[in-house]
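The values are calculated or read from the model by the stated rules, or taken from the named source; none is laboratory data. Since the structure is predicted, the reported quantities are computational estimates derived from the model, not experimental observations. Here Cβ is always computed from backbone atoms with ideal geometry, including for glycine, and neighbour counts include all displayed protein chains. The accessibility values were calculated without ligands, DNA or RNA, using every heavy atom of the protein model including side chains. Shrake-Rupley method; radii C 1.70, N 1.55, O 1.52, S 1.80 Å.
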Amino acid sequence: MNQYSRSQIIKGRLKFIIMSLIGIILFLLPITVTKDGKKETTLTVAYLASVLRDIIGDAMPLIIVLIITLSGILSLLCSTIYRNKLNPSGLMCNAFNVKWVWLILRLLAVVFVWITYLKVGTKVIYSEDTGALIFTSLLPTLVTVFLFAALFLPLLMEYGLLELLGPIFRPIMRPLFTLPGRSTVDNLASFIGDGTVGVLITSKQYEGGFYSKREATVIATTFSVVSLTFAIVVAQTVHMQNHFFYFYLTVIISCIVLAVITPRVWPLRSVKDIYAKEVPQEMRTEKLPEGKTALGHGFDMATETGIKAPGFIAFFKSGFKTVIDMWFVILPVVMSIGTLATIIANYTPLFAIIGKPFVPYLELLQIPEASHASETIIIGFADMFLPSILIEGANSNITLFVVGALSITQLIYLSEVGGVILGSKIPVSIFKLFVIFLIRTIIALPIIALMAHLYFN
């Protein structure tokens, strides 16, 4: 800090404290709001997104169609005709010059979104359980959440908060979860708010060189839990609203156990610690200089980051670029993969067949109606809400509890979090996502079953 003047240090500290506090209020501090006569716990950024969604109203479907169509056209042009004419470090190249797999997915999204919007062709694509589920229920939320999250994410990431928390939480995050201390912010944003916000933060940190490929994959596939509000909806669907505290406690315990185990087993263990960009080594190691406390060192690093942090114009310029990236890169992937996954789930027996081997496992754990429950286990990879809908008619509280809690704990589902991960810059394949999903399921089942038996017997 000796290289900076006193006025620079004061200005840097003020910038760090004020901007980080605004970021904490927006992304990490739960607030209670009243909606349709009911009180809900949410985050300020999620509340702002819901207000904007209400304001946009009936224009939202057309906005989504335009975003996905424009993404498809630009991707086709930038990946073929203009491929070698683009600035390699420019926004157009980064967002729209893609490999053929992603190009196909984006073009497929254009086809799906128009069929669903116009309700033409086969109902298999545009039904309420497939394309319309993604188009009307999920994408409007993502459009508004991405707008506010992308604009305000720099408040958490570029003004010193991560540098402050890194050295403080390293003694906990490294030995428990094999992660840097700065990942505490991602994990809190996911647990308190929404998994997609955590994925966005993680993706930006990976791009910036602060997380390795392994760390980014672990965080995105381990901590991107659905929002508390959505967990309440699942609990109501499986008739567990009167047992919600114990229900959500079971989810939290299961997720913490999984966060300790899964980074230490294949495939996460085998992902290499390689970085997308070079940054100073001390930023990654978070080790303390001799004679420094964790809080003191973290505060010094946060102050230095505050001194170097972007000004007002650069802040919004960076946020706008991220909005474009989120809208035109991630939304088409969620539309195409989410629709395909829900079509397979609703119109083929694939997930039911794959779930059959779980019948003996469920019987071993003494879960009633094991055959019925097994049909819901793998289908959660397509959409987290499908297992709760399919098991709703079960007679056993234990079965309802296990399926509902497991669907949240499985965490990776293609109609939202999985699609967002695949559309982000985090380098993980759909095959690895499915393997991680299976491993989470196998490990979580006995934990959730035990909690269910303790509570209902």
Members of the range 302-327 found to be of a type outside the set (A, V, I, L, M, F, W, C) and either crowded, with 18+ Cβ neighbours inside 10 Å or assigned to a helix (DSSP H, G or I) (or both), listed by number: Thr303, Glu304, Thr305, Gly306, Lys308, Lys317, Ser318, Gly319, Lys321, Thr322, Asp325
Long-range neighbours under 9 Å by Cβ, at least six apart or interchain, first residue surrounded by fewer than 16 Cβ atoms within 10 Å (Cβ to Cβ) within the range 17-31, second small (Gly, Ala, Ser): Pro30/Gly193
Selected residue (criterion: nearest to Val271 (Cα to Cα)) from residues of the range 178-218 that are modelled with pLDDT of 90 or more and in a helix (DSSP H, G or I): Arg214
Any hit, the range 25-34, residues being over 21 Å from Trp327 (Cα atoms) and either part of a helix (DSSP H, G or I) or of a type in the set (Phe, Trp, Tyr) (or both): yes
Condition broken by Ala95, with the remaining ones in (1) among the hydrophobic types (A, V, I, L, M, F, W, C); (2) open to solvent by less than 60 Å² (accessible area, probe 1.4 Å); (3) at pLDDT 85 or above; (4) farther than 30 Å from Met301 by Cα satisfied: (3)
First in the range 119-130 and open to solvent by 80 Å² or more (accessible area, probe 1.4 Å), second anywhere and not in a loop (DSSP other than H, G, I, E, B), Cβ under 8 Å, 6 or more apart: Lys119/Tyr126; Asp129/Thr342; Asp129/Asn346
Residue match in the range 155-163 (condition: modelled with pLDDT under 85, in a loop (DSSP other than H, G, I, E, B), over 30 Å from Ala59 (Cα atoms) and touching a Pro at 6+ places or on another chain (Cβ under 7 Å)): yes
Cross-chain or 6+ apart pairs with Cβ under 8 Å, the range 381-397 first and without any contact (Cβ under 8 Å) to a residue 24 or more places away in the chain, then open to solvent by 20 Å² or more (accessible area, probe 1.4 Å): Leu390/Glu375
Cβ-Cβ under 6 Å pairs, at least 6 apart or on other chains, the range 46-70 side within 29 Å of Ile24 (Cα to Cα), far side not in a helix (DSSP H, G or I): Tyr47/Val33
The range 295-327, subset within 18 Å of Glu416 (Cβ to Cβ) and not charged (D, E, K, R), residue farthest from the chain's Cα centre (by Cα): Trp327
Residues located in the range 1-16, provided they are in a loop (DSSP other than H, G, I, E, B) and open to solvent by 80 Å² or more (accessible area, probe 1.4 Å): Asn2, Gln3
Qualifying residues in the range 233-245 (those that are of a type in the set (A, V, I, L, M, F, W, C) and at pLDDT 80 or above) - the one surrounded by the fewest Cβ atoms within 10 Å (Cβ to Cβ): Phe245
Qualifying residue in the range 52-65 (condition: of a type in the set (Val, Ile, Thr), in a helix (DSSP H, G or I) and over 23 Å from Pro332 (Cβ atoms)): yes
Answer from Phe431, Phe437, Phe401 - the residue that is in a helix (DSSP H, G or I), closer than 18 Å to Ile344 by Cα and open to solvent by less than 20 Å² (accessible area, probe 1.4 Å): Phe437
Which numbered condition Leu179 fails, given (1) more than 13 Å from the chain's Cα centre (by Cα); (2) more than 18 Å from Ile274 (Cα to Cα): (2)
Tabulated pairs, the range 99-110, first open to solvent by 30 Å² or more (accessible area, probe 1.4 Å), second not in a helix (DSSP H, G or I), C-beta under 7 angstrom, 6+ apart or interchain: none
Any hit, the range 34-43, residues being modelled with pLDDT of 90 or more, of a type outside the set (Asp, Glu) and within 23 Å of Ala150 (Cα to Cα): no
Leading residue by the ranking (modelled with the lowest pLDDT) among those in the range 219-232 that are in a helix (DSSP H, G or I) and more than 15 Å from Val260 (Cα to Cα): Thr229
